[in-house]
Amino acid sequence: MIRTFYFDNNATTRVAPEVIEAMQPYFGELYGNPSSMHAFGGQVAGPVEEARAKVAALIGAEPAEIVFTSCGSEADNQAIFGTVEALGAQTVVITSRTEHPAVLEPCRILRERGHKVISIGVDGVGQLDLQELSAALMEQGPKLVTLMWANNETGVIFPIAEIARRVRAAGGVFHTDAVQAVGKLDDVDMRKVPVDLLSLSGHKLHAPKGIGALYIRRGTRVNPFLRGGHQEHGRRAGTENVPYIVGLGRAADLAREAMVDETTRVAQLRDRLEEGLLASCPDARVNGDTRHRLPNTANISFEFIEGEAILYHLSDAGICASSGSACTSGSLEPSHVIRAMGVPFTAVHGSIRFSLSHYNTAADVDHVLNVMPGVVHKLRAMSPFVKA
Ligand code: PLP
């Protein structure tokens, strides 16, 4: 069996062994329902609240401001539809062209329903046009602004603190999809940044797939998305997924403990990978703002060749990477993020995302650096677009 060299951590991460261990009892003997009146159910209500406190601590929030959801997409949907429903039919929605589909799609539906939706553009390195944002914030009436903290494809970080201040000054509600930022950036801190709503997802920070959370700042008006029972203080119906909530709590603790040291180590590995690839593969370019970028992400275009073909050859060598978000790969459509940045045609199709985690080692990076030049050379030799 070939060894796996996993460089696709923005798609999903390995569940940490400590997280699996923490979850285990809640699949077995501790199977109660936290809403039950009996003591057996009560045994799991405590751990759910402890997990809430740990998730809150990771982002500098109050435990009561955390609502558990089934995933990041659900948190995004609740934030967007729930706010617009609470604010009314006249609500203007302001977003960007490089959001994840979990935000783009609700915004498209709201546009279809008659809302004014303003989609802000980005520059050549994927940075938000702040002048366009300021102009949009002059719109009359209730406003929901939904802008991602960090981009899943390029790692580009929007200036969220500055954006949040502008939205607040304009009287808008500010939601940020921080699915890629939480656990990777220590400035995701609700005591310092005036965000109203924030989405996060467990499987991007070494908890399992199928658990997420929505941060709702105290006093923010947002309707529930799932209706039925009174769980989560009436903010999200459905019996709590106790094992996964406990797992998310443990993962939040691990992320908080490791944040500073691991972020530096992962950034050094990423930089070594990026510099090595640029040095050994001609006609390669980095996509995205390298000054404001997640520490774990490198998005590199290899001109004149197809990303899918590169991935196929990398996969043969045990290397897992991605050519855009996991949701869009599988189609040959170039990524909307790379297109929004105006990347030249010859480079749009050959963009590859390498995303690391603290499980990556220097030896993993060396393996990619050994394999990649040969793959690029081979594909260029077959490319109809290659330079004469
Ligand atoms: N938002 C961003 C920026 C993401 O990268 C993802 C997942 O790729 C999501 C939202 C959706 O999260 P989930 O997979 O938990 O629904």
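Here are the numbers for this structure:
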item: Test: Glu257 is closer than 19 Å to Glu50 by Cα, without any contact (Cβ under 8 Å) to a residue 60 or more places away in the chain and more than 16 Å from the ligand (Cβ to nearest atom); result: yes
item: Yes/no for Arg227 being at pLDDT 95 or above and out of contact with any Asp or Glu (no Cβ under 9 Å at 6 or more places or on another chain); result: yes
item: Residue selected from segment 69-90 under the condition in a helix (DSSP H, G or I), near the ligand (Cβ under 9 Å from one of its atoms) and of a type outside the set (Ser, Thr, Tyr), by the criterion nearest to the chain's Cα centre (by Cα); result: Gly72
item: Some residue of segment 120-132 being within 16 Å of the ligand (Cβ to nearest atom), at pLDDT 95 or above, of a type outside the set (Val, Ile, Thr) and not in a strand (DSSP E or B); result: yes
item: Any chance Leu269 is at pLDDT 95 or above, within 30 Å of Ser355 (Cα to Cα) and either of a type in the set (A, V, I, L, M, F, W, C) or in contact with a strand residue (DSSP E or B) (Cβ under 9 Å, 6 or more places away or on another chain) (or both); result: yes
item: Identity of the residue in segment 336-388, among the polar types (S, T, N, Q) and farther than 19 Å from His313 by Cα, that ends up surrounded by the fewest Cβ atoms within 10 Å (Cβ to Cβ); result: Thr361
item: Number of the exception - Leu248 against (1) surrounded by 15 or more Cβ atoms within 10 Å (Cβ to Cβ); (2) within 30 Å of Asn370 (Cβ to Cβ); result: (2)
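Here's the yes/no breakdown for (1) within 16 Å of the ligand (Cβ to nearest atom); (2) in a helix (DSSP H, G or I); (3) within 18 Å of the chain's Cα centre (by Cα); (4) touching a residue at least 12 places away in the same chain (Cβ under 8 Å):
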site	(1), (2), (3), (4)
Met23	no, yes, no, yes
Glu29	no, no, no, no
Ile94	no, no, no, yes
Cys107	yes, yes, yes, yes
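The values are calculated or read from the model by the stated rules, or taken from the named source; none is laboratory data. If you're wondering where the values come from, they're calculated on a predicted model, not measured in any experiment. Every residue, glycine among them, receives a Cβ derived from its backbone with ideal geometry; neighbour counts consider all protein chains shown.
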